[in-house]
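Enquirer: Sending over a structure as structure tokens; questions will come in a sec.
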Amino acid sequence: MEREEHQKASLHSPLVQDWGEQDKTKSIEKSEVLEEVKKQLWLSGPLVSVSLLNYCLQVISVMFVGHLGELPLSGASMATSFASVTGFSLLVGMASALDTLCGQSYGAKQHRMLGIHMQRAMLILMIVSVPLAVIWINTRSILMFLGQDPEISTEAGSYAQLMVPSLFAYGLLQCLNRFLQTQNIVFPMVFCSGITTLLHVLICWIMVFKSGLGSRGAAIANSISYWINVLLLSLYVKLSPSCARTWSGFSKEAFQNIPSFLRLAIPSAVMVCLEMWSFEMMVLLSGLLPNPQLETSVLSICLNTAAAVWMIPFGLSGAVSNEGEVVDYVAVMLPILATSNFLDGLQCVLSGTARGCGWQKIGAYVNLGSYYLVGIPSAILLAFTFHIGGKGLWLGIICALIVQVLSLLTITIRTDWDQEAKKATDRVFDSITPDSIVS
């Protein structure tokens with residue numbers, strides 16, 4: 001009898017209650033984590049698709065040019081890398097300031113400010129695109145000055161000049177994508193990007209093979225397709241009820257607070273460019289190796305494959321000039337490429353956290369150290385001193401990725417998230433102008 005009473009009492013003891021509470025807390029935390037994972041997958045899946053589809057416009061163009069021979073492929077590859085270094089990467093970086101501004105405004109329910117932020121970003125990116133277009137027009141001369149092969153430089157110069165219209169479309173597209181993704185409007189982006197990519201295959205086929213323009217037709221197809229994507233997304237933003245609260249038409253407020261936008265956009269551009277430039281510099285450096293046409297073709301294919309992993313079978317079967325030497329070389333590069341893809345996936349998540357928190361300056365310093373103090377010197381040492389060639393260039397990138405991942409991971413783990421939440425709130429209300437307050 002006394003034993004039974006003791007057992008009943010023990011069931012209600014503080015220790016047993018604590019265990020019960022702990023189990024309940026763990027169960028709640030587990031369900032919250034699973035729910036958050038579902039939300040992230042629901043959003044990240046379409047966003048990954050959009051990124052791949054947008055990038056595939058350039059990849060598809062290079063694939064069609066690959067059937068014209070090794071020299072046109074090398075020229076188109078060099079032009080694409082040069083365009084990324086001197087144009088696309090800068091626009092992506094500056095537009096990524098909207099990840100912070102639009103994301104935090106949406107979280108604070110300052111919906112009208114999303115449209116203002118997007119307009120301001122579009123205005124600035126269009127202004128920035130003008131000097132970038134001048135650089136693209138002079139691509140041949142710049143590449144020759146950098147010591148690139150004259151034939152490849154001439155091909156790349158013609159290709160880059162015809163891509164100039166795509167520069168302006170690309171900046172607008174980046175702003176529209178970030179405006180929509182911060183509102184969790186992702187499936188219309190996938191739909192518009194999918195239509196554009198399908199049309200791009202047809203446009204490329206016509207422009208490259210049927211018009212007689214050859215590789216120049218692929219460059220023109222890029223411009224046409226980017227503008228189609230911009231048109232489709234613009235119509236959606238203007239006509240869809242989903243954007244009624246965040247898009248209220250053009251406003252003079254876009255001309256206000258430009259310095260505050262630049263204070264975030266410039267570090268964002270530096271953060272993104274430092275990373276993207278290091279990858280594209282591998283293609284430019286490959287033009288200085290023995291047999292530059294082979295090295296440039298292979299490095300470009302590897303770079304495109306790294307950005308679009310799911311296109312590996314298609315890319316390897318169609319993008320190369322159908323020459324055995326290129327196929328064998330790419331096969332040797334694939335294990336190195338797989339390693340860099342794994343590390344790049346980790347750094348993408350950590351870099352996204354940095355941009356969302358407004359840590360662009362910190363990210364810029366991390367990328368500067370990772371790629372320019374470790375990665376590129378390692379690549380040059382391995383490729384030109386130890387004569388490993390293109391493999392050495394890519395191994396240098398892997399060294400940079402390791403340093404970048406470890407640095408960003410350390411910063412993320414040691415962050416005071418309560419303090420970051422307070423900073424985000426302050427940033428949102430600092431961006432509101434008197435004209436933005438709706439009575």
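The values are calculated or read from the model by the stated rules, or taken from the named source; none is laboratory data. None of the values given here were measured: they were computed from a predicted structure. Counting neighbours? That spans all protein chains shown, and the Cβs are built from the backbone with ideal geometry, glycine included.
Enquirer: Tell me, please, whether a residue that is modelled with pLDDT under 95, at positive phi and surrounded by fewer than 18 Cβ atoms within 10 Å (Cβ to Cβ) can be found in the stretch 180-192.
Expert: yes
Enquirer: I'd like the full set of residues that are within 21 Å of the chain's Cα centre (by Cα) and touching a residue at least 40 places away in the same chain (Cβ under 8 Å), limited to the stretch 222-239.
Expert: Answer for the stretch 222-239, where residues must be within 21 Å of the chain's Cα centre (by Cα) and touching a residue at least 40 places away in the same chain (Cβ under 8 Å): Asn222, Ser223, Ser225, Tyr226, Trp227, Asn229, Val230, Leu232, Leu233, Ser234.
Enquirer: Here's a follow-up. List every residue pair whose Cβ atoms sit under 6 Å apart, with the two residues 6 or more apart in sequence or on different chains, where the first one lies in the stretch 240-252 and is without any contact (Cβ under 8 Å) to a residue 60 or more places away in the chain and of a type outside the set (D, E, K, R) and the second, anywhere, is in a loop (DSSP other than H, G, I, E, B) and surrounded by 13 or more Cβ atoms within 10 Å (Cβ to Cβ).
Expert: Ser242/Ile185
Enquirer: State whether one or more residues within the stretch 72-82 are hydroxyl-bearing (Ser, Thr, Tyr) and farther than 30 Å from Ala218 by Cα.
Expert: Within the stretch 72-82 (the criterion being hydroxyl-bearing (Ser, Thr, Tyr) and farther than 30 Å from Ala218 by Cα), the answer is no, since none of the residues qualifies.
Enquirer: Restricting attention to the stretch 54-101, which residues are aromatic (Phe, Trp, Tyr) and within 19 Å of Ile228 (Cβ to Cβ)?
Expert: Scanning the stretch 54-101 gives Tyr55, Phe64, Phe88.
Enquirer: Here are some residues: Ser240, Ser223, Ser248, Ser234. Which one is hydroxyl-bearing (Ser, Thr, Tyr) and more than 30 Å from Gln110 (Cβ to Cβ)?
Expert: Ser223
Enquirer: Give me the pairs, please: first residue somewhere in the stretch 95-123 and free of Cβ contacts under 8 Å to residues at least 24 places away in the same chain and closer than 16 Å to Cys243 by Cα, second residue anywhere and surrounded by fewer than 24 Cβ atoms within 10 Å (Cβ to Cβ) and aromatic (Phe, Trp, Tyr), beta-carbon distance under 8 Å, and either six or more positions apart or on two chains.
Expert: Note: no pairs meet the criteria.
Enquirer: Looking at (1) surrounded by fewer than 23 Cβ atoms within 10 Å (Cβ to Cβ); (2) over 24 Å from Asn177 (Cα atoms), which one does Thr197 not meet, given that it meets all the others?
Expert: Among (1) surrounded by fewer than 23 Cβ atoms within 10 Å (Cβ to Cβ); (2) over 24 Å from Asn177 (Cα atoms), the lone unmet condition for Thr197 is (2).
Enquirer: Still on this structure, I have one more. Quick one: Val272 ticks every box in (1) among the aliphatic types (A, V, I, L, M); (2) part of a helix (DSSP H, G or I); (3) surrounded by fewer than 21 Cβ atoms within 10 Å (Cβ to Cβ) bar one, so which box is it?
Expert: With (1) among the aliphatic types (A, V, I, L, M); (2) part of a helix (DSSP H, G or I); (3) surrounded by fewer than 21 Cβ atoms within 10 Å (Cβ to Cβ) applied to Val272, the lone miss is (3).
Enquirer: I'm told Val208 meets every condition in (1) under 25 Å from the mean Cα position of the chain (by Cα); (2) touching a residue at least 24 places away in the same chain (Cβ under 8 Å); (3) surrounded by 18 or more Cβ atoms within 10 Å (Cβ to Cβ) except one. Can you identify the failing condition by its number?
Expert: Failed condition: (1).
Enquirer: Here is a check on your reading of the model: is Ile336 in contact with a Phe, Trp or Tyr (Cβ under 6 Å, 6 or more places away or on another chain) and at pLDDT below 85?
Expert: In short, yes.
Enquirer: Pairs under 6 Å by beta carbon, first residue more than 17 Å from Leu167 (Cα to Cα) in the stretch 132-146, partner polar (S, T, N, Q) and not in a loop (DSSP other than H, G, I, E, B), six or more apart or different chains?
Expert: Within 6 Å, the pairs are Arg140/Ser153; Arg140/Thr154; Leu143/Ser153; Met144/Ser153.
Enquirer: Shifting gears a bit: When you look at Val164, is it surrounded by fewer than 22 Cβ atoms within 10 Å (Cβ to Cβ), under 22 Å from Arg140 (Cα atoms) and either touching a Cys at 6+ places or on another chain (Cβ under 9 Å) or modelled with pLDDT of 90 or more (or both), yes or no?
Expert: Taking the combined requirement at face value, the residue satisfies it.
Enquirer: Sort out which residues of the stretch 126-157 are farther than 23 Å from Leu289 by Cα and either surrounded by 20 or more Cβ atoms within 10 Å (Cβ to Cβ) or not small (Gly, Ala, Ser) (or both), and write them in order of number.
Expert: Result: Met126, Ile127, Val128, Ser129, Val130, Pro131, Leu132, Val134, Ile135, Trp136, Ile137, Asn138.
Enquirer: Failed condition for Leu213, given (1) without any contact (Cβ under 8 Å) to a residue 12 or more places away in the chain; (2) part of a helix (DSSP H, G or I), with all others met?
Expert: (2)
This table checks each residue for (1) assigned to a helix (DSSP H, G or I); (2) in contact with a Lys or Arg (Cβ under 8 Å, 6 or more places away or on another chain); (3) of a type in the set (A, V, I, L, M, F, W, C).
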residue	(1), (2), (3)
Glu155	yes, no, no
Tyr159	yes, yes, no
Pro165	yes, no, no
Tyr170	yes, no, no
Gln174	yes, no, no
Phe179	yes, no, yes
Phe191	yes, no, yes
Thr196	yes, no, no
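Enquirer: Answer yes or no as to whether Val59 is modelled with pLDDT under 80, part of a helix (DSSP H, G or I), of a type in the set (A, V, I, L, M, F, W, C) and within 30 Å of Ile206 (Cα to Cα).
Expert: Judged against the criteria, Val59 is not a match.
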